[in-house]
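Asker: Encoded as structure tokens, here's the structure I'll be asking about.
The values are calculated or read from the model by the stated rules, or taken from the named source; none is laboratory data. This structure is a prediction, so every number in the text was calculated from the model and none was measured. Here Cβ is always computed from backbone atoms with ideal geometry, including for glycine, and neighbour counts include all displayed protein chains.
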Amino acid sequence: MTERFPGPQVLLACERCHRRKVKCDKQTPCSKCERLGIVCVPVRRARFPRGRVTQPAKSNPAGSDSALTNRVNELEKQLLKLATGDPGTSSPLDATGHRPLGPSDESQPVDKPLLSGQTDRAELTETQKCDRNVSHTQKARTPPFGPHLAISTYTDKVNTENPIPEIKLSPQTRRDLGAIYFYNVDPLFKILHRPSVQSFLYEGQRYLNYELHDHAPNTLAAAIYYCAVCSMEDSQYNSLFSEPRETMVAQLQRETELALLKADCTTSNDLTILQAYVLFLLATWTHDKSRRVWTMLSMALRMAQALSLHMAQPPFETTPFEQEMRRRLWLAIGLLDVSAALSHASEPMMQATWLESHPPSNINDEDISLDTQSKPASKDAREFTDMTFSFVVFEAQNTVRSIGFSGWAQSVIENPALRQQLIHQFRTTVSRLLIGCKPDTEPFHRFAHLSARTMNSWLQLISIRPLRASKSFIYPAIQGDGVLRLTADNLQAIMEGHHDPRVSSWRWFDCMWTPWHGLAVAMAELCTCKELSVMERYWPLVDTVYAECHSSLDDTQSCRVRKPMEKLYSHMRIRRDDMLREQSMAVNANDTAFDEILSTIAEPQNFPSLSFGLAPTSGFYHQHQPDSADTVQDSLNFLDLVPNIWDEVNFNETAIDNEMNTWQSYEDFIIDFQNAV
């Protein structure tokens with residue numbers, strides 16, 4: 001091609017800075033692109049004559065502008081069709097205006113399956129390539145991907161304006177991801193019927209009543225693959241994929257977004273589409289703690305209410321199978337709701353009564369099918385079912401809704417005696433649910449026991465140290481170092497789960513809770529500690545847990561949790577240094593060997609349940625290993641081995657000055673956390 005404007009070529013503003021209309025330093029790469037972590041595309045050509053921003057028509061080859069415009073328009077139409085779907089392909093609704101689980105119209109057009117290797121991505125790739133070459137005015141005409149559903153969280157690592165590298169998933173890889181989902185995710189987040197999904201993913205059979213290539217099951221499959229990758233440990237991921245993890249997650253996230261947009265998830269009456277959307281939020285929540293998921297969760301709640309999931313008896317007929325799936329999904333949305341509220345110091349949208357009115361059945365997936373005619377009976381408490389862990393979490397989220405928030409959305413119990421009753425009820429119920437648990441032989445049962453122990457001590461901490469500042473909260477008088485012993489047990493359980501390779505497959509579930517709370521309570525206690533022996537007894541564990549938690553906080557969490565935690569840790573360290581300095585001065589005055597006294601003080605005393613080794617064999621489970629001779633009553637009381645803070649509470653006394661100082665130290669942290677921007 002001949003030069004339209006002859007003259008020496010110079011390095012101009014890069015393509016990215018030109019589109020953003022910002023000043024470019026014309027380096028290779030430029031500083032702005034390098035700071036954002038995106039690909040810098042330099043522009044080197046002769047300058048246009050002054051006042052000319054377009055090329056003269058007479059120098060263009062005949063018909064090139066019109067040909068390019070027609071091609072861009074055609075590709076835009078194809079891109080819009082791919083992103084939003086054909087409005088004429090939506091499935092008809094039944095007489096009730098509701099589409100429970102599958103399509104009922106045989107004449108419905110068949111969509112190509114997503115992530116099947118047959119999806120035509122060539123057109124999208126050509127569109128994106130062409131988009132780089134068209135002018136800014138032409139690009140502005142390109143329609144967005146429907147409502148703003150895209151919440152890609154790797155914008156600093158993957159250039160979202162350039163096409164994400166296409167990743168082909170082989171049939172064997174899809175099978176592997178499906179197996180990983182049912183091992184890593186399904187036992188913890190039980191919203192699907194495993195046999196039905198497995199026959200669809202593994203054997204290529206129809207999913208429930210859907211046609212073989214219906215869009216809804218393939219949207220669910222995309223969400224399952226996305227969830228599976230997000231739940232994998234690094235070693236497990238590296239054994240399957242050679243692509244960088246960020247690229248794989250971004251690609252699967254984009255595939256799921258496009259599938260949800262094509263299904264018009266915000267107005268769909270399809271329960272499977274809502275299941276896919278909830279799994280999409282869960283997967284994103286594992287690697288993004290910003291307010292994106294917290295905001296989009298409100299859509300899931302409204303979509304669920306539109307399908308009458310909040311009603312025990314919806315205003316239309318449902319089968320026993322569908323009723324069970326609806327209740328499982330409603331319970332899972334409640335879990336995401338309370339988890340997001342805890343992480344963002346906000347109030348949950350759902351009330352406890354909405355969940356308690358119609359819980360799912362405590363059954364195995366094999367006990368129900370699409371053809372089930374009557375509601376299945378719940379299993380005996382002695383059997384560890386597919387829903388047992390979901391019920392443990394159900395009890396925990398109901399309890400925290402009643403004691404952990406400010407009372408803006410629903411009434412909150414602030415009386416210490418009533419809080420004690422709720423915690424006791426939780427301990428009793430969970431102990432009964434886990435009668436059939438075998439933590440010494442089954443890895444997932446071990447994880448369930450560890451989780452129940454952590455939830456129990458965490459709920460006790462919330463009952464005495466709320467997650468929200470409240471002027472009406474009644475501060476209970478707690479004797480001795482009871483709070484520190486409880487926080488030590490909570491932190492020890494967290495560390496055991498973090499370092500135990502037997503439960504590594506479910507470690508991703510830690511994203512559902514607030515691990516910083518117990519650590520903040522422990523540091524607030526040590527900030528006002530008056531005895532060096534107590535300080536040195538708990539310092540190794542608190543310091544170790546803080547080091548691991550601090551290094552794991554990502555950039556999205558740092559603005560909320562990191563700075564208040566760093567401030568509290570600094571105060572705790574200053575307090576310890578002051579106590580050591582005072583002790584050193586006292587020892588020197590008495591001509592006593594300071595090192596000998598300090599070594600005696602630093603030994604853990606009267607606290608045999610705490611082990612600072614953090615080894616998988618230490619701690620709770622090797623103190624109590626029930627054998628076949630254990631009675632049912634012994635199994636019921638396994639949570640009694642966890643310290644009970646209410647044994648240290650004196651309801652007839654008010655808090656003393658030192659306890660009020662401790663409370664003030666913790667409240668300052670909570671206020672900093674709530675006010676963090």
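Asker: Filter segment 472-487 for residues that are outside any loop (DSSP other than H, G, I, E, B) and modelled with pLDDT under 70 and give the result.
Answerer: Of everything in segment 472-487, just one residue is outside any loop (DSSP other than H, G, I, E, B) and modelled with pLDDT under 70, namely 477.
Asker: Kindly indicate the residue of segment 199-226 that is of a type in the set (S, T, N, Q) and assigned to a helix (DSSP H, G or I) and also farthest from residue 258 (Cα to Cα) among those meeting that condition.
Answerer: Ranking the qualifying residues of segment 199-226, first place goes to 199.
Asker: Determine, yes or no, whether residue 389 is touching a residue at least 60 places away in the same chain (Cβ under 8 Å), aromatic (Phe, Trp, Tyr), in a loop (DSSP other than H, G, I, E, B) and not assigned by TED's automatic domain parsing to the domain that holds residue 520.
Answerer: no
Asker: Within segment 221-254, restricting attention to residues that are small (Gly, Ala, Ser) and more than 18 Å from the chain's Cα centre (by Cα), which residue is surrounded by the fewest Cβ atoms within 10 Å (Cβ to Cβ)?
Answerer: 242
Asker: Among the residues of segment 320-355, count how many are part of a loop (DSSP other than H, G, I, E, B) and either modelled with pLDDT under 85 or in the same structural domain as residue 459 (by TED's automatic domain parsing) (or both).
Answerer: Number of matching residues: 5.
Asker: Please specify each residue of segment 196-215 satisfying the condition of being of a type in the set (S, T, N, Q) and under 28 Å from the mean Cα position of the chain (by Cα).
Answerer: Passing the criteria: 196, 198, 199.
Asker: Could you grab me the full set of residues in segment 204-254 that are within 13 Å of residue 287 (Cα to Cα) and either outside the structural domain of residue 270 (by TED's automatic domain parsing) or of a type in the set (D, E, K, R) (or both)?
Answerer: 233, 245, 246
Asker: Which residue is nearest to residue 668 (Cα to Cα), if the candidates are limited to segment 440-471 and must be assigned to a loop (DSSP other than H, G, I, E, B) and at pLDDT below 90?
Answerer: Going through the qualifying residues, I end up with 469.
Asker: Among 186, 176, which is the only one that is in a helix (DSSP H, G or I) and closer than 20 Å to residue 286 by Cβ?
Answerer: Every option except 176 fails the conditions.
Asker: Here are some residues: 218, 184. Which one is within 19 Å of the chain's Cα centre (by Cα) and touching a residue at least 60 places away in the same chain (Cβ under 8 Å)?
Answerer: 184
Let's see how each residue does on (1) surrounded by 20 or more Cβ atoms within 10 Å (Cβ to Cβ); (2) part of a helix (DSSP H, G or I); (3) touching a strand residue (DSSP E or B) at 6+ places or on another chain (Cβ under 7 Å); (4) of a type in the set (Ser, Thr, Tyr):
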site: 359; (1), (2), (3), (4): no, no, no, no
site: 379; (1), (2), (3), (4): no, no, no, no
site: 399; (1), (2), (3), (4): yes, yes, no, yes
site: 426; (1), (2), (3), (4): yes, yes, no, no
site: 437; (1), (2), (3), (4): yes, no, no, no
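Asker: Out of everything in segment 509-536 that is assigned to a helix (DSSP H, G or I) and in contact with a Cys (Cβ under 7 Å, 6 or more places away or on another chain), what residue ends up being modelled with the highest pLDDT?
Answerer: Filtering first and then ranking leaves 535.
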